[in-house]
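Heads up: the structure comes next, in structure tokens.
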Amino acid sequence: MTRLYTNIYNFIRCRIFSYLMLILLNACIEKDVYQPPDEENSGIEYVSYLYPYSNEVMNVVSDIIIETNDEVDPARIKTEIPVLKYNKSWLFMLTQDDCKHAAYSTTWAVINGKPLSKNYYYGTEQLAAGDLPPDVFNLEKTLGSTDGAGNEVRFAFTTTVSPEWDWMDDVTEVKRGFTNNYYRFHMKKGLTWNNLSEMLTYDTGIAFHDVNTTMVNQKDSILKHFTLSQQIILNKLQGRGCKMLAEPNGNETYTTAALNYSPIRLMTAERSSSAGTQVVKLFPFKIDSNLSKHVILRTFYNSPYDIVSYIERQMKFDKEEREAVHVGVHATDATFAQFLLWLNNKYGKDGDDTVWFPSMEEFYEYNYYRVQGNITRQVEKNKIKLTISLPSENYFYYPSVTINLSGIKKEQIKLITIDDKVKGFSFANYGEGIMLNIDYRRYLTELAIHFVEKYEDFRSVSNRNDALYFVKKLKDSTAKDELLKKLD
């Protein structure tokens with residue numbers, strides 16, 4: 001009888017969840033903040049933008065000097081890089097397999113406040129021209145959490161790539177205003193390089209998956225194709241390499257090959273072991289290694305409701321006992337978009353703001369900095385000097401950390417002096433001290449300029465939101481002030 005009641009209870013909860021998600025979705029259907037170009041802008045074309053990944057900063061050594069109004073007690077000044085960036089209390093990750101078209105027009109789109117469609121798909125070129133499916137709607141918001149200092153940090157997921165297949169070179173057809181048919185909005189074989197380039201700009205991560213060989217049970221063949229795929233990726237993405245693997249089809253040979261391929265640093269699979277290696281359940285607050293060459297667990301759920309149920313179970317534990325929620329998906333649709341909206345509204349910036357949702361790449365790099373990095377401090381009267389050292393591996397693209405500094409509060413600070421290596425910066429009170437969010441990405445300012453120029457070329461609400469998002473990542477400076485003026 002108890003089991004019967006449990007089944008009934010779960011059934012009712014599922015219905016309630018589906019009903020609430022339907023309300024959330026329908027409430028937004030008639031409100032589209034993406035404004036297609038008017039006749040004056042009808043000639044707008046998509047211009048591919050690639051961050052200069054090949055010249056990213058590596059092995060950072062940087063100084064920050066904090067001056068306070070009064071002398072501080074050196075014994076109280078302590079530093080740490082917290083387990084999760086922005087001092088979040090639990091980790092969510094999403095890995096999307098098979099280089100799916102929906103990774104752009106659904107998953108990336110819903111996170112970044114772009115149009116959604118229940119029945120069709122679109123590409124970067126179409127989005128730029130305002131050539132969109134007939135049933136598009138918009139949720140009127142972006143999805144993410146905050147950096148603890150009031151700035152948005154959008155969710156970031158991992159998409160797998162298929163570099164050896166020619167269809168990634170396809171160019172999307174644009175026929176704005178053509179309504180005789182909508183063939184151009186049918187699902188393509190997968191992501192194009194243009195789709196992927198735009199997604200990377202918003203911090204989407206990449207992973208190896210299938211390679212183009214018939215000998216999928218031979219390690220040497222897969223190793224050869226990892227090398228071939230990597231070279232294509234480096235050529236197509238301006239020097240950005242791939243260091244993740246999402247094991248395809250439960251084929252352990254891929255994991256065996258990845259363990260023997262140096263550039264791959266982290267792998268994920270969906271069972272207890274792979275290639276004779278334990279698949280690790282991630283408990284973030286118990287990690288004491290840099291995770292190099294580890295295989296971490298992910299789970300393919302039957303429905304978004306099952307993901308919600310698992311999250312709710314984890315939230316009953318203290319943060320030290322919570323397992324990371326790592327979800328594997330293939331195609332995504334409007335229902336999955338509703339789940340991501342729920343995650344934002346419950347645990348993201350529009351909820352309790354407890355979740356950190358990075359790509360696998362960003363999580364690996366941040367954990368690496370936490371374990372391998374070093375912070376020294378010098379305290380003299382009212383000055384605290386922090387020297388931050390962050391060693392890197394090859395193909396690192398997220399040189400940013402959160403540092404907790406105990407012993408002073410924000411109200412005591414007179415001046416913070418940061419060196420030129422710091423491009424993005426924010427801080428706020430946290431616990432018995434302050435938290436510092438430091439971003440060393442070399443071309444963060446140029447990235448913000450790109451989005452401001454994009455807005456100036458096409459003044460849509462969506463483009464302005466993007467421009468503000470990237471400009472607000474920057475440290476306070478004259479350049480930041482000038483960019484903000486352009487968005488008034």
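The values are calculated or read from the model by the stated rules, or taken from the named source; none is laboratory data. Remember, it's a predicted structure, so these values are computed and weren't measured experimentally. With ideal geometry, Cβ positions are generated from the backbone for all residues, glycine too; neighbour counts draw on all protein chains shown. What goes into the accessible areas is simple: the full protein's heavy atoms, side chains included, and nothing from ligands, DNA or RNA. Shrake-Rupley method; radii C 1.70, N 1.55, O 1.52, S 1.80 Å.
Listed values, structure above:
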quantity: Condition check for LYS224: within 26 Å of the chain's Cα centre (by Cα) and open to solvent by 70 Å² or more (accessible area, probe 1.4 Å); calculated: no
quantity: Subset of the stretch 118-147 (residues that are within 22 Å of TYR469 (Cα to Cα) and of a type in the set (S, T, N, Q)); calculated: THR124, ASN138, THR142, SER145, THR146
quantity: From LEU132, LEU143, LEU191, residue being under 22 Å from SER462 (Cβ atoms), among the aliphatic types (A, V, I, L, M) and open to solvent by 10 Å² or more (accessible area, probe 1.4 Å); calculated: LEU132
quantity: All positions within the stretch 94-122 that are at negative phi, out of contact with any helix residue (DSSP H, G or I) (no Cβ under 6 Å at 6 or more places or on another chain) and assigned to a loop (DSSP other than H, G, I, E, B); calculated: ASP97, LYS100, HIS101, ASN112, LYS114, PRO115, SER117, ASN119
quantity: Cβ pairs under 7 Å, 6+ apart, first in the stretch 186-202 and in contact (Cβ under 8 Å) with a residue 24 or more places away in the chain, second among the small types (Gly, Ala, Ser); calculated: GLY190/SER162; LEU191/ALA103; THR192/GLY123; ASN194/SER48; ASN194/GLY123; ASN195/GLY123; SER197/SER48
quantity: Hits in the stretch 310-334 (condition: farther than 21 Å from THR268 by Cβ and in contact (Cβ under 8 Å) with a residue 60 or more places away in the chain); calculated: MET315, LYS319, ASP333, ALA334
quantity: Within the stretch 424-451, considering residues that are under 21 Å from the mean Cα position of the chain (by Cα) and β-branched (Val, Ile, Thr), the one surrounded by the most Cβ atoms within 10 Å (Cβ to Cβ); calculated: ILE438
quantity: Residues that are at negative phi, open to solvent by 30 Å² or more (accessible area, probe 1.4 Å) and either hydroxyl-bearing (Ser, Thr, Tyr) or part of a loop (DSSP other than H, G, I, E, B) (or both), drawn from the stretch 331-353; calculated: ALA331, ASP333, THR335, LYS349, ASP350, GLY351, ASP352
quantity: Inter-residue pairs, beta-carbon under 6 Å, first at pLDDT 95 or above and in the stretch 220-247, second among the aromatic types (Phe, Trp, Tyr) and not in a helix (DSSP H, G or I), 6+ apart; calculated: LEU223/TYR261; PHE226/TYR261; GLY241/TYR395; CYS242/PHE208; LYS243/TYR395; LEU245/PHE208
quantity: Hits in the stretch 296-326 - residues which are among the basic types (Lys, Arg) and loosely packed, with under 13 Cβ neighbours inside 10 Å; calculated: ARG313, LYS316
quantity: Test result for PHE363, in a loop (DSSP other than H, G, I, E, B) and under 23 Å from THR158 (Cα atoms); calculated: no
quantity: Among residues of the stretch 369-410, those that are assigned to a loop (DSSP other than H, G, I, E, B) and at pLDDT 95 or above, counted; calculated: 14
quantity: Selection within the stretch 228-249 - open to solvent by 30 Å² or more (accessible area, probe 1.4 Å) and over 21 Å from the mean Cα position of the chain (by Cα); calculated: LEU228, GLN231, ILE232, ASN235, ASN249
